[in-house]
Amino acid sequence: MLWVENLTGGYGPVQVVQGLSFEVAAGEVVVILGANGSGKTTTLRTISGMIHGRGTVTFDGTSLLGKRPDQIVRMGIAHVPQGRGTITDLTVEENLRLGAYVRADREVEEDIEQWCAVFPRLGERRDQPAGSMSGGEQQMLAIARALMSKPKLLLLDEPSLGLAPLVTREVFEKLESINRETGAAVLVVEQNAGLALGISSRGYVLETGQIVAQGSSEELSTDEAVRQAYLGY
Amino acid sequence: MMVTALLAEEVSALTNFLQYTFLGLQKGAVYATIALALVIIFRVSGILNFAQGEMATFSTFITWAIWGDGRVPIWAALALSLVVSFALGASIERLVIRPVSKKAAGNPLPIVIATIGLYLAFSALAPAIWGTDAKRFPTLFGEGSLSLAGASISYQTLGTLAVLAVVVGLLFVLFQKTKIGLAMRGVASNAESASLVGVSVGSVLMLGWALSSAMGCMAGALTANVGLNGALMIAPLIYAFAAATLGGFDSPAGAVVGGLIVGLVAEYSADYLAEVPFTTITFIGEQLRIFPAFLLILVVLLVRPQGLFGKPQVTRV
Amino acid sequence: MTAAAAPSELPDTSSEVPTRPNRKALMIKTVLCVVGAVVLIQMPLLMDRSTTQRLTQVLAIAVAVLGLNLLTGFNGQISVGHSAFMGIGAYATAIMMARHESPFILTMMVAMVVAFAVGVVVGLPALRIRGVYLALVTLALAAMFPQLVVRFSGLTGGSTGITLEDTQQVTTPQPVNDLFKSLTGSRLLDNQYRYYLALVVAVVCFVLVRNLVKSRVGRALIAIRDNETPAEVLGVNVGAYKVATFGVSAMLAAIGGSLFVMNADQAVPSEFGIQVSIELLTAVVVGGVATFVGPAVGALALVYVSDLFPKEHPEYAPVLFGLTLIVLMIISPGGIVGLAKQGWARLVRSRSA
């Protein structure tokens with residue numbers, strides 16, 4: 001579904017990502033592991049049109065490079081950025097409603113109810129400004145908001161960042177069930193390899209802008225180098 | 001005898017007070033409308049539009065030209081001019097502001113200079129096309145007035161306040177009840193996140209400039225009955241800046257309240273402080289009774305640097 | 001002047017790539033500096049009276065723009081009130097020379113002290129108020145200055161202003177004239193003397209500002225502009241620096257105002273209104289924000305821009321000026337100096353290739 005080949009991208013003259021190739025199939029959960037500065041965020045931002053990239057990026061056969069972020073959302077890709085990107089001045093409900101911005105159908109209200117049921121804390125805080133919530137709640141809101149666009153592919157940028165271990169676990173459990181129930185493919189970039197490999201079927205390892213290893217999640221979690229670098233045992 | 005004289009004095013003091021209040025509210029409503037226009041652009045894009053006043057003057061000249069001294073009913077002329085101004089505002093965003101912002105890469109100064117360029121161009125364009133003499137412009141709401149406790153409140157005053165109320169009402173519906181309004185608030189708060197849910201930030205900015213331009217057109221039509229010339233909006237723009245600063249540059253409610261306060265303070269001080277130095281000052285031919293208003297604003301800012309209704313800025317390391 | 005080393009907040013990638021300080025570039029720069037100096041010195045001797053006066057006006061405005069550039073370009077505080085500081089300088093000189101027949105240099109020094117003090121007072125709110133809100137405070141100052149002048153008409157001559165009588169004007173001092181005559185054989189005309197006086201003052205100001213910006217203090221100013229909070233963390237006294245910069249910037253604007261009156265022989269309140277503040281800000285950006293040559297280029301552009309437009313329809317000149325500003329900002333947000341840097345980088349690249 002998402003096909004990336006020989007992708008190069010970065011800010012100004014600095015090329016953070018140097019010739020990446022990977023793919024995500026429909027309905028699949030894929031993880032890209034990498035340390036700080038390895039190019040994870042740049043990769044996602046290039047896919048969602050926030051920064052310019054070179055190479056090949058196609059989604060269901062259509063090239064994404066050169067398209068604006070809002071056009072890419074309309075094609076069915078939702079990006080939950082690093083640091084969550086909740087719109088803090090809007091209420092929880094308004095954030096969700098804005099998530100459905102690209103939709104023209106009449107089921108938006110039902111979907112808001114549905115996601116408030118999946119994430120009960122959002123339902124409790126519907127009319128509060130998103131900025132007043134905790135980090136974990138904002139991460140849930142960011143994911144729910146992304147799902148409001150009914151994406152075929154969900155991009156997640158370090159959802160565990162700044163969250164307590166217990167909250168992180170909850171986020172990943174929700175992701176797993178969302179993938180199962182909606183059938184949306186998930187591409188998650190993470191440093192927290194343990195949880196990410198737990199919910200994914202395949203993974204890639206990114207170092208200084210290049211893929212250095214890939215394989216099924218099982219293979220990767222038993223790989224010596226991955227274990228030392230990302231699992232810490 | 002003494003008692004009646006005193007009473008009469010008190011009554012006339014009250015009458016005077018009401019008279020200044022009405023006048024202050026009328027002017028304040030115009031300042032509020034322009035301040036709202038400034039705030040809308042500032043909220044969605046962080047840009048201070050120095051050309052807001054001159055764009056409004058130009059729009060008013062367009063209204064005047066369509067009106068053609070009564071050839072077309074003034075309200076029809078105004079409606080048409082609002083549409084033209086709306087399109088003008090959108091084109092300015094698309095053709096001037098967007099390319100400059102793109103090149104400026106986060107530095108506000110080139111955009112400030114571009115709005116100054118617009119200011120210069122528009123301030124000269126209207127007199128160059130239509131001449132520098134003052135033009136006759138009709139009173140939108142007729143010449144009559146009501147009497148209230150000895151003071152007269154003109155239809156123009158009532159109409160101006162009604163227009164402000166309608167503008168505020170429409171903006172409220174737009175921002176709170178519509179999808180595009182929600183998108184505008186999203187862009188104002190976090191443009192990147194808004195674009196990640198599929199909002200076209202460019203379209204939102206265009207809409208913001210278009211709305212502001214149309215509001216300037218409205219404000220111009222409300223004031224031009226004093227005589228339309230190129231300097232129409234110079235003083236009101238400064239008052240509107242003051243109003244937006246007082247209310248908080250990121251707050252539409254603040255712009256309205258700030259506009260009315262600035263209008264009232266300027267009007268009261270013109271009379272009650274007439275004998276106090278510096279309080280009545282002239283500026284480019286127009287009475288600029290802004291010193292007390294400025295002083296008030298300075299005090300407010302020292303206590304609340306973000307204005308009365310503004311959000312405090314959070315600094316992150 | 002090593003243009004490449006000038007801190008610019010604009011990401012100008014084209015000039016960053018190939019400027020290694022090679023010997024050829026250094027030589028070209030030295031030649032340019034020498035040629036520039038010769039032109040500046042020869043100018044009044046070759047030009048007619050009105051041109052010389054206009055160039056003196058450019059120098060006066062350049063010093064004021066230099067002051068605003070220090071504040072806005074290097075310290076990141078936008079002021080729309082510098083016309084008032086220029087006016088303070090202008091009126092200090094006009095009043096002292098017309099009423100007390102004081103020597104010009106003395107009036108300029110008084111102007112500097114007064115403007116520094118007022119600048120510090122105006123800068124104080126900047127400790128709490130920033131961004132657009134501070135711009136409004138300075139806008140208020142610009143709006144009020146002409147009114148204050150009219151209010152104190154006994155001292156300032158009101159709206160008609162102060163005109164210096166022939167005997168009160170700045171003329172070539174006898175010893176200077178004698179020296180000049182012994183060197184060249186001809187008299188040094190008053191307008192030529194005024195030009196050189198303004199040139200010396202301007203050069204001194206430019207050199208001092210350049211040294212200031214390149215010193216530790218200058219690095220602190222730039223650190224504050226780029227991000228205030230980390231600067232504070234690093235131990236920079238942000239408040240003191242901001243207020244002092246405001247004072248120094250106001251002082252430079254006042255020097256510009258003094259020179260302006262010395263050249264024009266009069267001070268009129270309408271010449272120091274909001275419009276002038278906007279023009280000064282425009283000159284800062286048109287020249288090149290946070291550069292050293294920028295203010296001079298900006299001032300030159302400001303004074304001579306009207307000559308560029310067709311004379312048949314003078315009413316359209318501001319329209320063309322406005323459009324020119326917009327186009328310049330689209331092509332080069334770094335102003336004319338930024339444009340020159342782009343051209344220079346291209347030149348160096350094509351030579352070395």
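The values are calculated or read from the model by the stated rules, or taken from the named source; none is laboratory data. If you're wondering where the values come from, they're calculated on a predicted model, not measured in any experiment. Cβ coordinates were reconstructed from backbone atoms using ideal geometry, including for glycine residues, and neighbour counts include every protein chain displayed. To get the accessible areas, we keep the full protein, side chains included, count just its heavy atoms, and leave off ligands, DNA and RNA. Shrake-Rupley method; radii C 1.70, N 1.55, O 1.52, S 1.80 Å.
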Rounded to the nearest 500, the 222 nm mean residue ellipticity computed for chain C from DSSP H runs (n ≥ 4, each -39500 (n - 2.57)) alone is -23000 deg cm²/dmol
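Carbon and sulfur atoms: what percent of the 1.4 Å accessible area of chain C do they account for? Intermediate values should be presented prior to the final figure.
Details: 10570 of 15820 Å².
Of all accessible area on chain C, carbon and sulfur atoms account for 67 percent.
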With every protein chain in place, the residues of segment C:144-171 shedding 50 Å² or more of accessible area versus the chain by itself (probe 1.4 Å) are C:MET144, C:GLN147, C:ARG151
Rounded to two decimals, the Debye log10 I(q)/I(0) of chain A (Cα scatterers, no solvent) at q = 0.07, 0.10, 0.16 Å⁻¹ is -0.21, -0.43, -1.13
HN-Hα couplings for segment A:159-175 via Karplus (6.51, -1.76, 1.60; θ = phi - 60°), in whole Hz with x for Gly/Pro, come out as x, 7, 4, x, 9, 5, x, 5, 5, 4, 4, 4, 4, 5, 4, 4, 4
Residue by residue through segment C:208-218, the couplings from Karplus 6.51 cos²θ - 1.76 cosθ + 1.60 with θ = phi - 60°, in Hz, x for Gly and Pro, are 5, 5, 4, 5, 4, 5, 7, 8, 4, 4, x
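Quote the relative contact order of chain B in percent (integer), defining contacts as alpha-carbon pairs under 8 Å separated by 6+ residues. Mind showing how you got there, number by number?
On the way: 484 pairs, mean separation 99.5, N = 317.
It rounds to 31 percent for chain B.
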To the nearest 20 debye, chain C has a Cα-centred charge dipole, built from +1 on Lys and Arg Cβ and -1 on Asp and Glu Cβ, of 1240 debye
In square angstrom to the nearest 100, the accessible surface buried at the C/B interface, both sides summed with a 1.4 Å probe, amounts to 4200 Å²
Note: probe point = Cα of C:VAL176 + 7 Å toward Cβ; backbone nitrogen < 17 Å; residues of segment C:56-78 passing the test are C:56-60
Over 27 Å (Cα to Cα) among A:LYS150/B:LYS103; B:LYS103/B:LYS311; B:LYS102/C:LYS341; B:LYS311/C:LYS242 -> A:LYS150/B:LYS103; B:LYS103/B:LYS311
Once accessible area is computed for B alone, A alone and the pair with a 1.4 Å probe, the total buried surface, to the nearest 100 Å², works out to 1800 Å²
Row for segment A:74-146, column shape: gyration tensor on C-alpha, a ≥ b ≥ c, rounded if a/c < 1.5 i.e. under 1.5, prolate if a/b over b/c, else oblate; value oblate
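Under 1.5 on a/c is rounded, so check that first for the protein assembly as shown, then, if it is not, pick prolate when a/b is larger than b/c and oblate when it is not; a ≥ b ≥ c are the square roots of the alpha carbon gyration tensor eigenvalues. Write down the numbers at each step before the final one.
Values: a/c = 2.21, a/b = 1.33, b/c = 1.67.
It comes out oblate by the Cα gyration axes.
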Place a point 7 Å from the Cα of A:SER201 in the direction of its beta carbon; the residues of segment A:163-183 whose amide N falls under 18 Å from it are A:175-183
With every protein chain in place, the accessible area of C:SER159 for a 1.4 Å probe, in Å² rounded to the nearest 10, comes to 80 Å²
Under a Gaussian network model of chain C whose springs join Cα atoms within less than 10 Å, the largest fluctuation of C:LEU323, C:LEU183, C:LEU127 belongs to C:LEU183
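When the solvent-accessible surface of protein heavy atoms is calculated with a 1.4 angstrom probe, in what order do C:TYR195, C:TYR316 fall, highest first? Working shown, then result.
Numbers: C:TYR195 5, C:TYR316 75 Å².
These residues rank, largest area first, as C:TYR316, C:TYR195.
Roughly how big is segment B:19-229's charge dipole about its Cα centre, with Cβ charges of +1 (Lys, Arg) and -1 (Asp, Glu), in debye to the nearest 20? Please list the in-between numbers first.
Numbers: 12 positive and 6 negative charges, 92 e Å.
That gives segment B:19-229 a dipole magnitude of about 440 debye.
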With every protein chain kept in place and a 1.4 Å probe, the residues B:TRP130, B:TRP67 fall, from largest accessible area down, as B:TRP130, B:TRP67
Comparing each residue of segment B:193-219 in the complete protein assembly with the chain by itself (heavy atoms, probe 1.4 Å, ligands and nucleic acids ignored), those losing at least 20 Å² of accessible area are B:SER193, B:SER195, B:LEU196, B:VAL197, B:GLY198, B:VAL199, B:SER200
Comparing each residue of segment A:86-132 in the complete protein assembly with the chain by itself (heavy atoms, probe 1.4 Å, ligands and nucleic acids ignored), those losing at least 30 Å² of accessible area are A:ILE87, A:ASP89, A:LEU90, A:GLU94, A:LEU98, A:TYR101
quick shape note, segment B:19-229: Cα extents on principal axes in Å, largest first -> 57, 40, 30
Order by accessible surface, 1.4 Å probe, largest leading, for residues B:ILE180, C:ILE162, C:ILE41 comes to C:ILE41, B:ILE180, C:ILE162
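Keeping every protein chain present and rolling a 1.4 Å probe, give me the accessible area per residue for the protein assembly as shown in Å². Intermediate values should be presented prior to the final figure.
Details: 38300 Å² over 903 residues.
Averaged over the residues of the protein assembly as shown, the accessible area is 42 Å².
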Averaged over the residues of B:120-127, the number of partner chain Cβ atoms within 10 Å of each residue's own Cβ comes to 6
Per residue of C:301-310, other chain Cβ atoms within 10 Å number on average 0
In nm, the gap between the two label points placed 7 Å beyond Cα toward Cβ at C:TYR304 and C:LEU46 is 1.2 nm
Applied in sequence order to segment B:131-141, the curve 6.51 cos²θ - 1.76 cosθ + 1.60 (Karplus, θ = phi - 60°) yields integer Hz couplings, x standing for Gly and Pro, of x, 8, 5, 5, 9, 6, 10, x, 7, 4, 10
Checked against the positive end of the charge dipole of the protein assembly as shown (+1 on Cβ of Lys and Arg, -1 on Cβ of Asp and Glu, about the Cα centre), the farthest of A:PRO69, C:ILE162, B:VAL303 is C:ILE162
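Using only the alpha carbon atoms of chain C, find the Kirkwood hydrodynamic radius as the inverse mean reciprocal pair distance, in angstroms to one decimal. Could the numbers behind the result be given before it?
Numbers: mean 1/r = 0.0470 Å⁻¹.
Computed over Cα pairs of chain C, the Kirkwood hydrodynamic radius comes out at 21.3 Å.
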On the formula 1/(1 + (r/R0)^6), with r taken between the Cβ atoms of A:ASN6 and B:ARG71 and R0 of 51 Å, the FRET efficiency rounded to 0.05 is 0.15
Site B:GLN176, offset 7 angstrom along Cα→Cβ, radius 17 Å on amide nitrogen, limited to segment B:245-274, gives B:251-257
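Please give the FRET efficiency for A:GLN128 paired with C:LEU26, using the beta carbon to beta carbon distance and R0 = 56 Å, rounded to the nearest 0.05. Could the numbers behind the result be given before it?
Numbers: r = 63 Å, r/R0 = 1.12.
It comes out at approximately 0.35.
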Ranked by GNM mean-square fluctuation in chain C (Cα springs under 10 Å), the top entry among C:ASP190, C:ASP265, C:ASP166 is C:ASP166
With every protein chain in place, the accessible area of A:LYS152 for a 1.4 Å probe, in Å² rounded to the nearest 10, comes to 100 Å²
The FRET efficiency for C:THR229 and B:ALA8, from their Cβ-Cβ distance with R0 = 51 Å and rounded to 0.05, is 0.25
For segment B:19-229, the charge dipole (Cβ of Lys, Arg +1; Cβ of Asp, Glu -1; about the Cα centre) points to a positive end, and the Cα of B:ILE116, B:GLY159, B:GLY68 closest to that extreme belongs to B:ILE116
Within the set C:GLU228, C:GLU315, C:GLU101, GNM on chain C using Cα springs under 10 Å gives the largest fluctuation to C:GLU315
Under a 1.4 Å probe, counting only protein heavy atoms, A:LYS67 has an accessible area in Å², nearest 10, of 70 Å²
From the Cα centre of segment C:63-87 to that of segment A:99-136, the distance in Å is 49 Å
